[in-house]
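Down below is the structure, laid out as structure tokens.
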Amino acid sequence: MKRAPPIVLAVVWVAIAGCGDGGRSEPGLTSDQTDQFLSVQQSLTNEQATLSRGRYELEQDRRTWDARERRDPIVANSIYATGMLIACVLPLAIVMLLLWNNRNVEHRLELSDAVLTEYLFVNDAPRRMEEKNCDAPKLPAPK
């Protein structure tokens, strides 16, 4: 006949003998000690809940800052690109403004020539400094 393995023997012995208290006695807690134990356990549970809320708030703050860190470079790059665009377009705008004013100057010169001609040749007679009514401008004497 074969021998039974030691594990099977241990399981059978525990089943037969049971898991009794092994000579240990129950702790004799009074109702005050039980209330104190439950009070300490309740305060420990409250502290754990407070820590969990703090951890949750900290995670929310971390997510908020993470979103800002991702968004801020985008805003900064947009501002930089806008500034560069303005800096590059400004010289072109100044040149266009100067060229536009040159076209208007030619037009204004034509108008001023017409007005000057009309003013100088009223009644088809040119006005001259030698006429009796016109005096030569007098410059102030040097001091």
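Just so you know, all these numbers are worked out from the coordinates, no wet-lab data involved. Keep in mind it's a predicted model, so treat the numbers as computed, not measured. All Cβ positions, even for glycine, are placed from backbone atoms using ideal geometry, and neighbour counts span all protein chains on display.
Here are a few things to note about the model shown:
- Length gained on full extension, residue 68 to residue 100: 6.9 nm, using 0.36 nm per residue less the C-alpha separation.
- A convex hull fitted around the alpha carbon atoms of the range 39-122 yields 117 Å³ per residue.
- Listed values for the range 87-92 are Karplus-derived 3J(HN,Hα) couplings in whole Hz (6.51 cos²θ - 1.76 cosθ + 1.60, θ = phi - 60°), namely 5, 7, 7, 4, x, 5, and x replaces Gly and Pro.
- Spin-label model, residue 112/residue 79: points 7 Å from Cα along the beta carbon direction are separated by 4.6 nm.
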